[in-house]
1. At 7 Å along the Cα-to-beta-carbon direction for both K70 and T3, put a label point, then send me their distance in nm to one decimal.
2. Probe of 1.4 angstrom, ligands and nucleic acids ignored: what's the accessible area per residue over the range 3-74, in square angstrom?
3. Report the Cα-based extents of the range 1-49 along its three principal axes, largest first, to the nearest Å.
4. In a shell of Cβ-Cβ distance under 13 Å around T25, excluding T25 itself, what net charge do Lys and Arg (+1) and Asp and Glu (-1) give?
Amino acid sequence: MSTSVTTIRNLGPAYEKSLAAVGITSAEALREIGADAAYAKLLENGVRPHFIGYYVLVMGLQGRPWNDCKGKEKIALRERFDNLKNKHYDKDINGFERILDEIGVVEKKR
């Protein structure tokens, strides 16, 4: 049985739709893959990075309110977010262009 992503604290229909677009279609799948891997998939598929969106996901998977993250924990999460963004987000190519690039329709920009 699969449970809607929206059953996870802090995550609404828009987040569920974004996750479904990258193949994460249930709360169980999201919990299994974890926040960092899920967010990396979003970034790799052209979702624009946003720190609050990342820590909302992290806090939700911990069952905590989104605004519960403070102090050293928030600083550490910001570092994780920046690392994910630098590794998985290509600001010069959107999701559609990335797919065209992968199948060889457009020349690689790298």
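The values are calculated or read from the model by the stated rules, or taken from the named source; none is laboratory data. All values reported here derive from a predicted model rather than from experimental measurement. Cβ atoms come from the backbone with ideal geometry, glycine included; neighbour counts cover every protein chain shown. Quick note on the areas: whole protein, heavy atoms, side chains included, nothing else; ligands and nucleic acids left out. Shrake-Rupley method; radii C 1.70, N 1.55, O 1.52, S 1.80 Å.
1. Label at K70, label at T3, 2.8 nm between them.
2. Values: 3720 Å² over 72 residues.
That works out to 52 Å² per residue.
3. For the range 1-49, the Cα extents along the three principal axes come out at 29, 19, 16 Å.
4. Numbers: positive: K17, R31, K41; negative: E16, E28, E32.
It works out to a net charge of 0.
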